[in-house]
Every structure is written in C-alpha cells, then in structure tokens.
Amino acid sequence: MNETRQHKKYDQLIESCRALPPIATAVAHPCDASSLSAAIDAMRLGLITPILVGNTQFIGNVVYRNVLGLSYNLPFAAAYATVPLFVMGVYLILARRTGAFEAL
C-alpha cells in the first residue's frame, strides 16, 4: 500500500480559494503550536485573516515557545498576543457607535 497520498482535490480547492479575498476567521483558543501554526499557514496562503480568541497571555506563551521559529523572542510574542485585544476593542467601539448597547 502506498502511504504517500496525492491530495489533488484539496490542492484544487486551495487554488480556487486563493483567488478570493481572505475571510476573517475566529481561531478559538489556539492552545498548542500546531493549531496556531495551522492558522498562520492558512494566513500565509491568503485564505484567512485569523482572529485569535482566547487568553492573550496563554496565546503569547504558545507563540513564545513554539511558533514561527521565534523561540524565546519575547517582544514578538507580546506583540502577537495583543492582536485579540485590539480586535475586541475595535469591535466594542463600533458596537457602541452603532448604538448596539442601547437595547441592553
């Protein structure tokens, strides 16, 4: 049995999606290097714009330890961990401006 498989269907799907603009995608609680690096790989392919959802300190630690070959690059890990806070802040500002909180 041949263990190496060709993924022509998946390759075709990825190529057809690359022609489209990236979709904002929530990545919920990326708790290990493989889940976070999968989101980064999809971003690099131009498929998604990842929005990391979870504890920023925890996500920062995952980046600090594993992702992108930047082990022990504390400034990058700290900067990357602030992305979800920024996205949430922008969302709350927009929600307030549109009056979404008035019904509460």
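The values are calculated or read from the model by the stated rules, or taken from the named source; none is laboratory data. Keep in mind that this is a model prediction, so the values were computed, not measured. Reconstructed Cβ throughout: ideal geometry from the backbone, glycine too, with neighbour counts over all protein chains shown.
Can you pull out every residue in the range 70-81 that is surrounded by 15 or more Cβ atoms within 10 Å (Cβ to Cβ) and modelled with pLDDT of 65 or more?
Listed by number, the residues that qualify are PHE76, ALA77, TYR80, ALA81.
Residue-by-condition table, conditions (1) modelled with pLDDT of 80 or more; (2) surrounded by fewer than 15 Cβ atoms within 10 Å (Cβ to Cβ):
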position: ALA24; (1), (2): yes, yes
position: ASP41; (1), (2): yes, yes
position: ILE48; (1), (2): yes, no
position: GLY60; (1), (2): no, no
position: GLY89; (1), (2): yes, yes
position: ARG96; (1), (2): yes, yes
position: ALA100; (1), (2): yes, yes
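Restricting attention to the range 3-40, which residues are touching a residue at least 12 places away in the same chain (Cβ under 8 Å) and assigned to a loop (DSSP other than H, G, I, E, B)? Don't jump to the end; show me each part of the working.
Step one: list which residues in the range 3-40 are touching a residue at least 12 places away in the same chain (Cβ under 8 Å), which gives 14, 17-18, 22-33, 36-37, 39-40.
Listed by number, the residues that qualify are PRO22, HIS29, PRO30, CYS31, ASP32.
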